[in-house]
Amino acid sequence: MKILSFTAGAADMYCGSCLRDNALATALLAQGHDITLVPLYTPTLTDEANVSQKRVFFGGISVYLEELSPLFRSTPRFLDKLWDSVAVVKWASRGSISTSAASLAEMTISMLRGEDGRQRKEFAKLADWLVTQPKPDIVSLPTSLLIALAKPLRKALGRPVVCTLQGEDIFIEGLQATFEKEKSPREFRKDARERIAAQAEHVDAFIAVSHYYADFMAGYLTIPREKIHVVPLGINLQGHDPEPRPRSAIFRIGYLARIAPEKGLALLCEAYGELRRRRGMPPARLEAAGFLGADVTNRRYLETCHGILEREGLAGEFLYHGTVDRGAKLSFLQSVDVLCVPCPYPEPKGLPVLEAMANAVPVVQPRSGAFPEIMEKTGGGLLVEPGSATQLADGIAKVWTEPNLAEELGRRGADGVRRHYSVASMASRTVEVYQGVLRQEMEGARR
């Protein structure tokens, strides 16, 4: 099968969606499919071999300049090449291209307007490139935020379009008014959702990364549920150690995710304080790893997390490792005794949880989002009530006080991830969806 797949770069951040798109493309190539992975906005940052194309469409600098001023909406293409080059976009991505919803509200709406938006020139550049390429069997979009590409892609190629749903609701909910002061944040969110829903007819099928997210997004975007197929995440298991390790001399609680309010590090800090000061846990460690970036909101959030521990006199027991590459990530996961990413909002993916369990590390997670179905399939952790530091402390305490249970959870998780969440399984299930879409197209052509 020949596949044209797009992926949205996230500047200098290890983005779960980018990692998923690249891992899927790699697995599809390994299974003998011909896939072209094309980055949008910025080059993608992955912690595995990057199989995406070198060229970037809808370059972050061009998109921003065209949003900022009418002058850049009509500049000649030879001039655009200066700031569309991968080297320049990479340089700008080192902190000056924002990926936060709060600063990208108007640009998001403009992109959802498609060829009627301020970035219409970028749609034309992509269309011109497409005519130079072999025609694919199917086209894949990485998020519904790029659904405005569906209609022009179908027009240019005459091929079915599939769109992945993998966590964009948190971005949509974060949209805020910036330049157009008369618009309220709620209107931006409503506008985005309505524009996505209106263009769903141009998408032949949607792929959700969990059953939870398929059900949720059907209502959130008013997409017929039967049009959404579920392809669970899959991870590359190379380097992940399935054998449980002896417990650390000092109990280590790990957190692996972006440092942002929606991931719940502050709640974990509160639970750690309760464990140490009110549950009798001896000196331990709370260790976090993940992208922080230059966003002032997230930096203040990290300061808040520090403050929670300082008030308990436990700041010396917290260590932030920063952003970690694949090798450092594996070492980090294999050094902790339990992993918690207590997202206060329903998480649709749960990639760090799968990676922890792949290394026989038990997890304690909120009973929300994709976590219940992950635990049902793997048995690799405990579920607690969302948003409660006390309940989270209870779950961690159980892992701490019952080492035999912790070992059993680790073994179940390592086995369950290998049976249900391998990247090969994700690729095979994706091909099944693609084949079903192509069959529907052929049946429709016969009628």
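Things worth noting here:
- Criterion applied to 432, 376 was being surrounded by fewer than 19 Cβ atoms within 10 Å (Cβ to Cβ), under 30 Å from residue 206 (Cβ atoms) and assigned by TED's automatic domain parsing to the domain that holds residue 206, and the one residue passing it is 432.
Matching residues to (1) in a loop (DSSP other than H, G, I, E, B); (2) closer than 24 Å to residue 170 by Cβ; (3) touching a His at 6+ places or on another chain (Cβ under 8 Å):
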| position | (1), (2), (3) |
| --- | --- |
| 355 | no, yes, yes |
| 360 | yes, no, no |
| 369 | yes, yes, no |
| 373 | no, yes, yes |
| 383 | no, yes, no |
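- Residue in region 414-423 that is touching a strand residue (DSSP E or B) at 6+ places or on another chain (Cβ under 8 Å), modelled with pLDDT of 95 or more and surrounded by fewer than 16 Cβ atoms within 10 Å (Cβ to Cβ) present: no
- Test: residue 216 is aromatic (Phe, Trp, Tyr) and either in a loop (DSSP other than H, G, I, E, B) or over 30 Å from residue 333 (Cβ atoms) (or both): no
- Some residue of region 379-397 being surrounded by 15 or more Cβ atoms within 10 Å (Cβ to Cβ), within 27 Å of the chain's Cα centre (by Cα), closer than 30 Å to residue 34 by Cα and not hydroxyl-bearing (Ser, Thr, Tyr): no
- Qualifying residue in region 81-88 (condition: modelled with pLDDT under 80, more than 18 Å from residue 4 (Cα to Cα), outside any helix (DSSP H, G or I) and assigned by TED's automatic domain parsing to the domain that holds residue 191): yes
- Only residues that are in contact with a Leu (Cβ under 9 Å, 6 or more places away or on another chain), at pLDDT below 95 and under 24 Å from residue 323 (Cβ atoms) were counted in region 259-278, giving 1.
- Every residue from region 46-67 that is part of a helix (DSSP H, G or I) and crowded, with 23+ Cβ neighbours inside 10 Å: 60, 61, 62, 63, 66
- Qualifying residue in region 161-174 (condition: modelled with pLDDT of 95 or more, more than 30 Å from residue 297 (Cβ to Cβ), hydrophobic (A, V, I, L, M, F, W, C) and outside any helix (DSSP H, G or I)): yes
- Among the conditions (1) modelled with pLDDT under 95; (2) in a loop (DSSP other than H, G, I, E, B); (3) in the same structural domain as residue 397 (by TED's automatic domain parsing), residue 347 misses just one, which is (1).
- Every test in (1) farther than 19 Å from residue 16 by Cβ; (2) in a helix (DSSP H, G or I) is passed by residue 298 save one, and that test is (1).
- Test: residue in region 398-405 that is surrounded by fewer than 16 Cβ atoms within 10 Å (Cβ to Cβ), aliphatic (A, V, I, L, M) and closer than 19 Å to residue 244 by Cα: yes
- The lone exception for residue 43 - which of (1) in a loop (DSSP other than H, G, I, E, B); (2) at pLDDT 75 or above; (3) surrounded by fewer than 19 Cβ atoms within 10 Å (Cβ to Cβ) it fails: (3)
- Condition met for residue 280 (surrounded by fewer than 18 Cβ atoms within 10 Å (Cβ to Cβ), in the same structural domain as residue 391 (by TED's automatic domain parsing) and not in a helix (DSSP H, G or I)): yes
- Scope region 206-235; condition over 20 Å from residue 368 (Cβ atoms) and either crowded, with 21+ Cβ neighbours inside 10 Å or touching a Leu at 6+ places or on another chain (Cβ under 8 Å) (or both); matching residues: 206, 207, 223, 231, 234, 235
- Failed item in (1) in a loop (DSSP other than H, G, I, E, B); (2) under 20 Å from residue 58 (Cα atoms); (3) touching a residue at least 40 places away in the same chain (Cβ under 8 Å), with residue 132 passing the rest: (3)
- Once region 246-263 is narrowed to residues that are closer than 19 Å to residue 304 by Cα and β-branched (Val, Ile, Thr), the residue that is surrounded by the most Cβ atoms within 10 Å (Cβ to Cβ) is 253.
- In region 318-350, residue nearest to residue 386 (Cα to Cα) [restricted to those that are crowded, with 18+ Cβ neighbours inside 10 Å and touching a Lys or Arg at 6+ places or on another chain (Cβ under 7 Å)]: 343
The values are calculated or read from the model by the stated rules, or taken from the named source; none is laboratory data. These figures come from a predicted structure and were not determined experimentally. As a convention, Cβ positions derive from the backbone with ideal geometry for all residues, glycine included, and neighbour counts pool all protein chains shown.
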